[in-house]
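Here's the structure we're looking at; comments come further down.
The values are calculated or read from the model by the stated rules, or taken from the named source; none is laboratory data. All values derive from a computational prediction rather than experimental measurement. A quick note on method: Cβ atoms are made from the backbone with ideal geometry, for glycine too, and the neighbour counts reach across all protein chains shown. Accessible surface areas use protein heavy atoms only, side chains included; no ligands, DNA or RNA. Shrake-Rupley method; radii C 1.70, N 1.55, O 1.52, S 1.80 Å.
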Amino acid sequence: MPDSDTGAPPRVVLVTAAALAVALAVAIAVFALTRPPADSADSGPLPLVPVPAPFAGSPGCTTLLGAVPTELTSNGASLKLRSLASPAPPATVAWGTTDPLVLRCGLDRPPELTPSAQLRLVNGVQWLQVPGEGASTWYVVDREVYAALTVPDSAGTGPLQQISDTVAAKLPAKPLRFS
């Protein structure tokens with residue numbers, strides 16, 4: 001029954017509403033402080049399936065992987081180098097937590113590399129793009145070893161440019177091989 005003098009709800013209703021609001025705020029704070037971060041499952045070692053990389057132990061792969069940056073920039077976000085789950089595929093590194101970028105070295109020549117394939121020159125390195133579902137794999141095709149950078153469709157061009165800079169600095173260009 002409203003207070004006859006002011007028209008306000010009874011005091012017990014106001015006290016109960018205030019107590020419920022405080023209890024709700026405390027429950028939300030406890031939940032936020034005790035739940036794991038949203039990306040915690042993505043920040044542990046990254047499991048990757050092995051792919052054939054017969055030249056993973058080559059000097060070119062050792063040189064390239066020893067020079068990759070510890071961070072890549074994608075759409076303004078910094079993607080840190082990520083540890084790989086054991087057994088890790090040879091000559092492979094990854095960056096980022098959600099939709100990681102993966103660089104593999106020592107691969108066989110991609111079958112899509114033909115004399116008529118459309119290549120893209122990025123910072124002095126020739127790449128062959130092979131689109132996939134939700135990601136594209138970009139193959140370095142003009143060096144002593146084939147390397148592939150798998151990039152989610154949501155990523156910007158920064159990672160491809162940064163890896164191109166590393167490839168250009170560490171591996172000399174070679175003529176394209178179609179067989």
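Computed over protein heavy atoms with a 1.4 angstrom probe, the accessible surface ordering of ARG109, ARG11, largest first, is ARG11, ARG109.
Within the stretch 66-179, what whole-number % of the accessible surface is contributed by carbon and sulfur, with the 1.4 Å probe and all protein chains included in the calculation? Carbon and sulfur: 51 percent of the exposed surface of the stretch 66-179.
Stretching the chain fully between GLU71 and ALA88 yields a gain of 4.2 nm (0.36 nm per residue, less the alpha carbon separation).
For LEU72, LEU176, what's the largest-to-smallest order of accessible area, 1.4 Å probe? Write down the numbers at each step before the final one.
Details: LEU72 0, LEU176 55 Å².
Result, largest first: LEU176, LEU72.
Computed with every protein chain present, the accessible area of ARG177 is close to 80 Å² [probe 1.4 Å].
What FRET efficiency comes out for the pair SER78/GLU144, r = Cβ-Cβ distance, R0 = 22 Å, nearest 0.05? List each step's numbers first, then the result.
Working: r = 30 Å, r/R0 = 1.38.
Between SER78 and GLU144 the formula returns 0.15.
As a rough guide to protection, the peptides 148-155, 89-96, 78-85 ranked by mean Cβ packing within 10 Å, highest first, stand as 89-96, 148-155, 78-85.
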